[in-house]
Ligand code: ADP
């Protein structure tokens, strides 16, 4: 016998599970039955190319066997089985990337406890009801003297030893805790199998009871099939209840939340397939694992592979469910799949149907649909928007799904978002473009000098608070033939031809002052000009049209890219009292060093107003102090400070 220690994460998981999921501990049965069903799936698939593995025992099944005397519950299958090495690996570690990362980053256990519901706990959940678990198994490809016996009390370690075992498959024996006696009762087990595992494609057998009243008496010889035993997706939609769909989601997709929405459809004809796809209600742990795809592939009801990469683009990696193809060959491998034209066509159909379904939700007047779409956008909106950049074919659909905050959606204390279609509907006739500003927060966007002219005019501005969205929208360029314009870039559309003339006129008298500003800022700005779009602010910094914004620049730097700092243009509001006064001071040949400080302060406050960081915050503070001292009276202030 060999002793092994559980991987640290397994120990943590066991701890967490026992403390946080205790009230739902009945789900252990669903987890073990799902594992048994998966083992049958795997054997059926492997046997396609190696039929000898079935060795006469080709009726794959799951058995659930309570023993009231011994206080044990057995879950048994004649599926693929485990070798000793597999048992050590699969029943001693956690493979799922998201789960492992989550557990490694665990801080406060109490806080994390309610997070545990976000991922499957699988086999280990059985330790909620059992104080000792024995697994005996033999791999379909191993000889009868190469079986394995695995045993653990869930206390940090487990043992394995080689045994001989005539039957292929796995027997899991749970030695139930004293307070888990419920799970020995036939009616209870039947209820749980119906509730969680009805759809499982293999028969699940329970021993038959003499009568309902006398549920404890078991006629062992006559097992009875409890589940419907038909793959859920093969049944007509109108015969499947929400509960059955949700049970399938939790059980077959190993999810713990309630799905936000589902889509079940069949495509007939050239490419026949059925899909049952769910959008999770919460972000799955592995959302940022870009390699992950949540769809399992079946071919004519036979399970072929999980996590099938070729069925979905990266930006739909959060979907969960199954695709059952009628046209693919049964012996497909991952490599073959990539080259199959059939798969590319299937994927195209699938993506289109999923996006159309989401669009339908988004435009539905039904409150439940609306709420579902809002939840989906909150969890997966940013991931979906990646598609605008990567999936040119569905760019239009995806741009209609994108939601952003805007001056309209957050006006008057509202917290909503808007889609581009609704934005366009609200555009007044004279507004030709869609406007956006990029800022660190909604508040910063609202206060940004770039938007004030637009708001005064009653034109809506999109508030992009995620720099990724600037990159996404940059790929969109236009929507519904309306150009999408960053208000912090280039010349403003707000300036009419008349205004432009007036500005040109004014610029003549300002040219000396503007030249001085440029020189005073020592090459920090590429140019100084008069603004047409400012109302309340004295000045703003604008990027040239083709440049990236400072926010995106900053983000790219954080990601390790070398981005040269782009100089911006300082635009002055010639109607602002401060600018007028400064210009007059300059004309009068006033105190030049102080004037330079004023201009530096102006530039810095323009940066602060748009929520950007100052390169020289200390210099700014010093200049503001000097300014205050000049206004309040420097000598007195200094003396007062020294006295205290
Ligand atoms: P999951 O099923 O989500 O991968 P589990 O902890 O439930 O996680 O199971 C871990 C692994 O142990 C499975 O992926 C499978 O490889 C193996 N396993 C569990 N139960 C069985 C079984 N009845 N037959 C064969 N292998 C099994």
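Being in contact with a strand residue (DSSP E or B) (Cβ under 7 Å, 6 or more places away or on another chain), assigned to a loop (DSSP other than H, G, I, E, B) and at pLDDT below 95 is a description that applies to residue 255. Filter region 165-182 down to residues that are farther than 22 Å from residue 124 by Cα and crowded, with 19+ Cβ neighbours inside 10 Å and give me whichever is farthest from the ligand (Cβ to nearest atom). Only one residue fits best here, namely 165. The residue list 554, 610 contains one member that is within 27 Å of residue 500 (Cβ to Cβ), modelled with pLDDT under 85 and within 40 Å of the chain's Cα centre (by Cα), which is 610.
In this structure, residue 483 does satisfy being surrounded by fewer than 19 Cβ atoms within 10 Å (Cβ to Cβ), touching a strand residue (DSSP E or B) at 6+ places or on another chain (Cβ under 8 Å) and under 22 Å from residue 550 (Cα atoms). Within region 183-202, how many residues turn out to be surrounded by fewer than 18 Cβ atoms within 10 Å (Cβ to Cβ) and in contact (Cβ under 8 Å) with a residue 24 or more places away in the chain? So the count comes out to 4.
Based on this model, can you work out whether residue 571 counts as assigned to a strand (DSSP E or B) and surrounded by 14 or more Cβ atoms within 10 Å (Cβ to Cβ)? So residue 571 passes the test. Here region 67-83 is the region considered, the condition is being touching a strand residue (DSSP E or B) at 6+ places or on another chain (Cβ under 6 Å) and over 26 Å from residue 42 (Cα atoms), and the residue that is farthest from the ligand (Cβ to nearest atom) is 71. For region 135-154, filtered to residues that are in a strand (DSSP E or B) and within 13 Å of the ligand (Cβ to nearest atom), the residue that is surrounded by the most Cβ atoms within 10 Å (Cβ to Cβ) is 137. In region 41-52, is there at least one residue being surrounded by fewer than 20 Cβ atoms within 10 Å (Cβ to Cβ), modelled with pLDDT of 90 or more, within 9 Å of the ligand (Cβ to nearest atom) and part of a helix (DSSP H, G or I)? Checking region 41-52: at least one residue is surrounded by fewer than 20 Cβ atoms within 10 Å (Cβ to Cβ), modelled with pLDDT of 90 or more, within 9 Å of the ligand (Cβ to nearest atom) and part of a helix (DSSP H, G or I). Considering region 394-443 alone, what residues qualify as being out of contact with any helix residue (DSSP H, G or I) (no Cβ under 8 Å at 6 or more places or on another chain) and in a strand (DSSP E or B)? The one that is out of contact with any helix residue (DSSP H, G or I) (no Cβ under 8 Å at 6 or more places or on another chain) and in a strand (DSSP E or B): 418. Could you tell me whether region 276-296 includes any residue that is more than 28 Å from residue 381 (Cβ to Cβ) and not in a helix (DSSP H, G or I)? Within region 276-296, not a single residue is more than 28 Å from residue 381 (Cβ to Cβ) and not in a helix (DSSP H, G or I).
Scanning region 363-376 for residues that are surrounded by fewer than 20 Cβ atoms within 10 Å (Cβ to Cβ) and in a helix (DSSP H, G or I) yields 363, 367, 368, 369, 370, 371, 374, 375. Taking the conditions (1) at pLDDT below 85; (2) within 23 Å of the chain's Cα centre (by Cα) in turn, residue 264 satisfies each one other than (1).
Of all residues in region 484-522, those satisfying the criterion of being without any contact (Cβ under 8 Å) to a residue 40 or more places away in the chain and not in a helix (DSSP H, G or I) are 495, 496, 522. Restricted to region 431-449, and to residues there that are modelled with pLDDT under 90 and touching a strand residue (DSSP E or B) at 6+ places or on another chain (Cβ under 7 Å), the residue that is farthest from residue 390 (Cα to Cα) is 449.
The values are calculated or read from the model by the stated rules, or taken from the named source; none is laboratory data. Fair warning: this is a prediction, and the values are worked out from it, not measured in the lab. No Cβ is skipped: glycine too gets one built from the backbone with ideal geometry, and neighbour counts run over all protein chains shown.
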